[in-house]
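Chemist: Have a look at this one.
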Amino acid sequence: VDAFQAWCGPCKTVVDLFQKIRNEVGSNLLHFAVAEVDSIDALEGFRGQCQPVFLFYAGGELVDVVRGLNAPLLQKTILEQL
């Protein structure tokens, strides 16, 4: 989940990375979503941050967080979680 604030919008530059990985591993294993933290009470802890925050969920539980746009770390985290 790309957790973003309305004033900065979702991180468009990472969509290509997620699409590439999704094509490689299969569409059933990886799902990408965006969430505006200003409108979701459960994500209020991520408000007021000026960097992208990527939340990784498995089985409905938060399993990892990557802060900032670090494509190699995002790719590594995705593959580890899969």
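Chemist: Only Lys, Arg, Asp and Glu count, each charged at its Cβ (+1, +1, -1, -1), so figure out the dipole size of segment 2-81 about its Cα centre, rounded to 20 debye.
Modeler: Taking the Cα centre of segment 2-81 as origin, the dipole is about 280 debye.
Chemist: Here is a follow-up. How would you rank 37-43, 16-22, highest first, on the average number of other Cβ atoms within 10 Å across their residues?
Modeler: With the highest mean Cβ count within 10 Å placed first, the list reads 16-22, 37-43.
Chemist: When Rg is the radius of gyration of the Cα atoms in the chain and Rh is its Kirkwood radius, what does Rg/Rh come to?
Modeler: Reported Rg/Rh (Cα atoms, Kirkwood Rh): 0.94.
Chemist: Using a 1.4 Å probe and ignoring any ligands, DNA or RNA, find the accessible area of GLU80 and quote it in Å² to the nearest 10.
Modeler: 110
Chemist: Follow-up question, since we're still on this one. Please give the net charge around VAL1, taking every other residue with its beta carbon less than 14 angstrom from that of VAL1, where Lys and Arg add +1 and Asp and Glu add -1.
Modeler: Local charge sum for VAL1: -3.
Chemist: For segment 2-81, with every protein chain kept in place, what is the accessible area per residue (1.4 Å probe, Å²)?
Modeler: I get 62 Å² per residue for segment 2-81.
Chemist: Mind checking the full-extension length gain between VAL15 and ARG47? Use 0.36 nm per residue of separation minus the Cα-Cα distance, one decimal, nm.
Modeler: 9.4 nm
Chemist: Go through LEU29, GLY45, ALA3 and say which Cα lies farthest out towards the positive end of the charge dipole of segment 1-50; charges sit on Cβ, +1 for Lys and Arg, -1 for Asp and Glu.
Modeler: Result: LEU29.
Chemist: Where Lys and Arg each count +1 and Asp and Glu each count -1, what net charge lies around ALA35 among other residues with Cβ under 12 Å from its Cβ?
Modeler: With Lys, Arg at +1 and Asp, Glu at -1, the neighbours total -4.
The values are calculated or read from the model by the stated rules, or taken from the named source; none is laboratory data. These numbers were taken from a predicted model, which means no experiment stands behind them. Neighbour counts run over all protein chains shown; Cβ positions are idealised from the backbone, glycine included. Ligands, DNA and RNA are excluded from the accessible area calculation, which covers all protein heavy atoms including side chains. Shrake-Rupley method; radii C 1.70, N 1.55, O 1.52, S 1.80 Å.
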